[in-house]
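The block underneath contains the structure these notes are about, expressed in structure tokens.
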Amino acid sequence: MLTCVVCGDTSSGKHYGILACNGCSGFFKRSVRRKLIYRCQAGTGRCVIDKAHRNQCQACRLKKCLQMGMNKDAVQNERQPRNTATIRPQDVLNSAVSVSSIYETSARLLFMAIKWARNLPSFANLPFRDQVILLEETWSELFVLCAIQWCLPLDSSTSTHPSIHPLFDINEHMSTSATLKGNLGLLNSIKQLQEILSKFRSVCVDPAEFACLKAIILFRADARGLKDCHHVEALQDQAQLMLQQHVRSQHPTHPVRFGRLLLMLPSLRTVSSDKIESLFFQKIIGSTPMEKLLCDMFKC
């Protein structure tokens, strides 16, 4: 049996010059074509890349792909698939591989967002009930912002069929009209997410700006049931002030940047938390309430 020299999974043959599995070859192709730049999650550049851990650090995975001999030129010279009206079996297979990776990454991104909030001293000093309320109110927006920051594949180029996104269940798409109606709603949500992603990419938000934007989202003073809403409002004001100072310092010739960043935040609410849950988490948590997942992550 052939094995992938990158992660040790079953290899389907040679891809871009080496024996590799569909997962690693697809990851390498996306990374090269989209010219993605990753950061090592651990900061060491020496993360273990095997079948169980290959999705935990994209930077080290790409590094190992290159070390084992994957050829970037082979990706650039590869013929692009033609648009066709038919859905081929390999399209479904590759979409299934991609969606599995997206679900795993989504869970990690949500955990990162919860952990980030929990580690903020200003957040930790709030009454516990206020912490829970704020996370329940803002988790989906924090997740989408993290997905944008850490390059979760949200565009249609992650699928081998240009009109199908991996998160869209092809089998359901081909079933009843009632199911089709629901899927069209999800497809519309995916399109909205792609538009949001495009907006943020066009601005080239830096890590400090992402942190300030997440804090502005998290400290939502109008969330129902808050015990100390005035304190939460003050924390949001502080986050906005920090963002303004950072923009003035780093982009002195672009005075409108601060306002532009703030005006982009409402777009994160255009896709409801229910839709985000259906797209990214329902296949993982099943009938478990999202509040239960958030609570479990918060306690970790």
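Condition test on residue 215, is it surrounded by fewer than 20 Cβ atoms within 10 Å (Cβ to Cβ), of a type outside the set (D, E, K, R) and touching a residue at least 12 places away in the same chain (Cβ under 8 Å)? Answer is no for this residue. Any chance region 59-72 includes a residue that's touching a Cys at 6+ places or on another chain (Cβ under 6 Å), surrounded by 13 or more Cβ atoms within 10 Å (Cβ to Cβ) and modelled with pLDDT of 80 or more? Yes: one or more hits. With the structure loaded, tell me whether residue 92 is within 30 Å of residue 116 (Cβ to Cβ), surrounded by 13 or more Cβ atoms within 10 Å (Cβ to Cβ) and at pLDDT below 75 or whether it fails that test. No: the conditions fail for residue 92. With a requirement of 1 or more residues that are surrounded by 12 or more Cβ atoms within 10 Å (Cβ to Cβ) and modelled with pLDDT of 95 or more, the helices (runs of 4 or more DSSP H) lying completely within region 218-300 that satisfy it span 229-250, 257-264. The listed residues are 263, 226, and the only one of them that is touching a residue at least 12 places away in the same chain (Cβ under 8 Å) and not charged (D, E, K, R) turns out to be 226.
Counted as qualifying within region 111-212 are the helices (runs of 4 or more DSSP H) with 3 or more residues that are over 15 Å from the mean Cα position of the chain (by Cα) and modelled with pLDDT of 80 or more, namely 121-124, 128-149, 177-203. When the residues of region 7-51 are filtered to those that are β-branched (Val, Ile, Thr) and farther than 26 Å from residue 204 by Cβ, the one that is surrounded by the fewest Cβ atoms within 10 Å (Cβ to Cβ) is 44.
This table checks each residue for (1) over 18 Å from residue 109 (Cα atoms); (2) not in a loop (DSSP other than H, G, I, E, B).
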position	(1), (2)
23	yes, yes
31	yes, yes
42	no, no
46	yes, no
52	no, no
61	no, yes
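The values are calculated or read from the model by the stated rules, or taken from the named source; none is laboratory data. Please read all numbers here as calculations on a predicted model, not as lab measurements. Note: ideal-geometry Cβ built from the backbone for every residue, glycine included; neighbour counts use all protein chains shown.
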